[in-house]
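Values quoted throughout were computed directly from the atomic coordinates according to the rules given, and no laboratory measurement underlies them. Computed from a predicted model, the values in this text were never measured in an experiment. As a convention, Cβ positions derive from the backbone with ideal geometry for all residues, glycine included, and neighbour counts pool all protein chains shown.
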Amino acid sequence: MSKKDKIFDEIIEDLKEYEGDGHITDHLLEYLHERNQVRVQNKKKTSKQSEICVSDQLLAFVSGCLGIANKLPKDPVSTNLTEELLKPSVASYFRHGEAEASMTAKGFADKFREVEKELRASRQALRLIQKVRPLRELNSLIEEADELIRIFFKSIRTLENKLDN
């Protein structure tokens, strides 16, 4: 069983105790926010370990975005900002999963481009939220978005160079 499968099994087991609660989204947000507390450290690793770390880092980023969305008030402006943040941040995580399942290097690169695009949109939403509803956690999430964008940008360039040769 892969590390990702174990994580999803763990999430499912944790959420089973809330069945029928009606607030499963709140519990999921809480769970993901707790997972965000564990930061991924950047050390030299094999490419397989590095891929796992990027996946974990992306999961931590998305869970942080979910946590921010949960903290925003429920007024029309915040609701719109929440939607603009959640769509690309969650999409980036799922596009990364699709990239892992790509059958070709070109397909992999294309999905990574989509991840990068979604991360850039997430960063823009975070910057806008920071101007409208300043929260302490936003700076670290913006920095995390910047780091992930750099990682994916460099990965795409490296892959393109290998495909060209």
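Tell me, T79, T104 in order of fewest to most beta-carbon neighbours within 10 Å?
Values: T79 13, T104 9.
In order of increasing Cβ crowding within 10 Å: T104, T79.
Based on the alpha-carbon gyration tensor of the range 121-165 and its eigenvalue square roots a ≥ b ≥ c, which shape applies: rounded if a/c is under 1.5, prolate if not and a/b is larger than b/c, or oblate?
On the way: a/c = 7.89, a/b = 3.44, b/c = 2.29.
It is prolate, given that a/c is not under 1.5 and a/b is the larger ratio.
Give me the net charge for the shell around I142: Cβ to Cβ below 11 angstrom, other residues only, Lys and Arg +1, Asp and Glu -1. Kindly include the intermediate steps, with their values, before the conclusion.
Working: positive: R123, R127; negative: E137, E143, E144, D146, E147.
Net charge around I142: -3.
So how many Å³ per residue does the convex hull of the Cα atoms of the range 56-165 work out to? Each step should come with its number before you reach the end.
Numbers: hull volume 9.0 nm³, N = 110.
So the per-residue Cα hull volume is 82 Å³.
Which residues among the range 102-140 fall inside the zone where the amide N is under 17 Å from a point 7 Å beyond the Cα of E160, along Cα→Cβ?
Under cut-off, by backbone N: 105-120.
What order do you get for E144, E116 when you list them from fewest to most C-beta neighbours inside 10 Å?
On the way: E144 23, E116 20.
In increasing order of surrounding Cβ atoms, one gets E116, E144.
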